[in-house]
1. I'd like to check which strands (runs of 3 or more DSSP E) are fully inside region 49-145 and have at least 1 residues that are within 17 Å of T13 (Cα to Cα), touching a strand residue (DSSP E or B) at 6+ places or on another chain (Cβ under 6 Å) and open to solvent by 20 Å² or more (accessible area, probe 1.4 Å).
2. Please determine, by comparing only the residues of region 154-179 that are within 17 Å of the chain's Cα centre (by Cα) and closer than 27 Å to A204 by Cβ, which one is modelled with the lowest pLDDT.
3. Could you tell me which of the residues H101, H128 is in contact (Cβ under 8 Å) with a residue 40 or more places away in the chain and not polar (S, T, N, Q)?
4. In region 223-236, which residue that is within 27 Å of the chain's Cα centre (by Cα) and not hydrophobic (A, V, I, L, M, F, W, C) is surrounded by the most Cβ atoms within 10 Å (Cβ to Cβ)?
5. Can you tell me which residue in region 1-45 is least open to solvent (accessible area, probe 1.4 Å), limited to those that are basic (K, R) and touching a residue at least 12 places away in the same chain (Cβ under 8 Å)?
6. Can you tell me how many residues within region 146-155 are open to solvent by 90 Å² or more (accessible area, probe 1.4 Å), assigned to a loop (DSSP other than H, G, I, E, B) and in contact with a strand residue (DSSP E or B) (Cβ under 8 Å, 6 or more places away or on another chain)?
7. Report whether or not V238 is of a type in the set (A, V, I, L, M, F, W, C) and without any contact (Cβ under 8 Å) to a residue 60 or more places away in the chain.
8. Please verify whether Y107 is within 21 Å of the chain's Cα centre (by Cα), of a type in the set (S, T, Y) and closer than 23 Å to P154 by Cβ, treating the condition exactly as stated.
Amino acid sequence: VFAVLPPPVTGMTLCTQEVTRRLTEVGPVRCFNLSNDSPTITWSFRFIKFIRALRGLAYLLIAPKAADARVYMSVNANAALYYNLAAAAIGRLRGYRLVAHHHVHSYIEKHDSRVVLLDRLLGPKGVHVVHCELMHRQFAAQYNVHADFFCLQPTIIIRDLPQNKARSHNCDFTLGCLSNLSKEKGLPAVLQTFERVHANIRSARLILAGPCGGKEIEQLVHDFCQRFPGRVEYRGPVYGP
């Protein structure tokens, strides 16, 4: 496993952590965690990530390899995608089967030549892991893909949840959204959903948590809280359990 595990706590790192846990149930796993355990991404985090990436790449290059060994990695965004390219190049050279788990839509919506190279390095025996069939179709439409696809819903991170008992229509109802709050992450849909719920259940509540993606989103959240006093709560950015 060549990836960032929590902290920082994000959807990608939580999903990677759970996939790693599941993998340990079926065979031996060597994990190269690129995180320095910082709750937020800082310059020191990026430096430690670079050092740990080099260590992981060196291991892939020189360590003894089992015949059926695989490399599983979460694909980074921005400049850190080069770490994935280096890992894929070394892994392909050493004969590993390569699995690249995608959590980012930026290079699916806009063509990125580095993703073309990543796919070529994965080769026909490699696998792109995506969240759903829609992401699969969008990815395939953007790139002439050589590797295979596998759909793994992010809900893999949800387990051992208590079963809610059926409730009457007149009971309290709470809608929650924990995310990086932005239009791209679906915040307008969350607010519209609450409006429709509140129109039928006057006691309904909405709890928002996570960092706002810019001044426009901050104002949107502030105005919505003012519009539904006592019914809408914004808890700001939250990290950890």
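1. Working: elements: 70-74, 97-101, 127-130.
Of the strands (runs of 3 or more DSSP E) lying wholly inside region 49-145, those with at least 1 residues that are within 17 Å of T13 (Cα to Cα), touching a strand residue (DSSP E or B) at 6+ places or on another chain (Cβ under 6 Å) and open to solvent by 20 Å² or more (accessible area, probe 1.4 Å) span 70-74, 97-101.
2. Step by step, filter region 154-179, then rank; the result is I158.
3. Working: H128 fails: in contact (Cβ under 8 Å) with a residue 40 or more places away in the chain.
Checking each option against the conditions leaves just H101.
4. Y234
5. Pass one, region 1-45, residues basic (K, R): 21-22, 30.
Now narrow it down to the ones that are touching a residue at least 12 places away in the same chain (Cβ under 8 Å): 22, 30.
Values: R22: 92, R30: 113 Å².
So the residue we want is R22.
6. Residues meeting the conditions: 0.
7. Working: of a type in the set (A, V, I, L, M, F, W, C): yes; without any contact (Cβ under 8 Å) to a residue 60 or more places away in the chain: no.
For V238, the condition - of a type in the set (A, V, I, L, M, F, W, C) and without any contact (Cβ under 8 Å) to a residue 60 or more places away in the chain - is not met.
8. On the way: within 21 Å of the chain's Cα centre (by Cα): yes; of a type in the set (S, T, Y): yes; closer than 23 Å to P154 by Cβ: yes.
Yes; evaluated as a whole, the condition is true for this residue.
The values are calculated or read from the model by the stated rules, or taken from the named source; none is laboratory data. Keep in mind that what you see is a predicted model, and the values were worked out from it rather than measured. Using ideal geometry, Cβ is built from the backbone for each residue, glycine included, and neighbour counts are taken over all protein chains shown. With ligands, DNA and RNA removed, areas are computed over all heavy atoms of the protein, side chains included. Shrake-Rupley method; radii C 1.70, N 1.55, O 1.52, S 1.80 Å.
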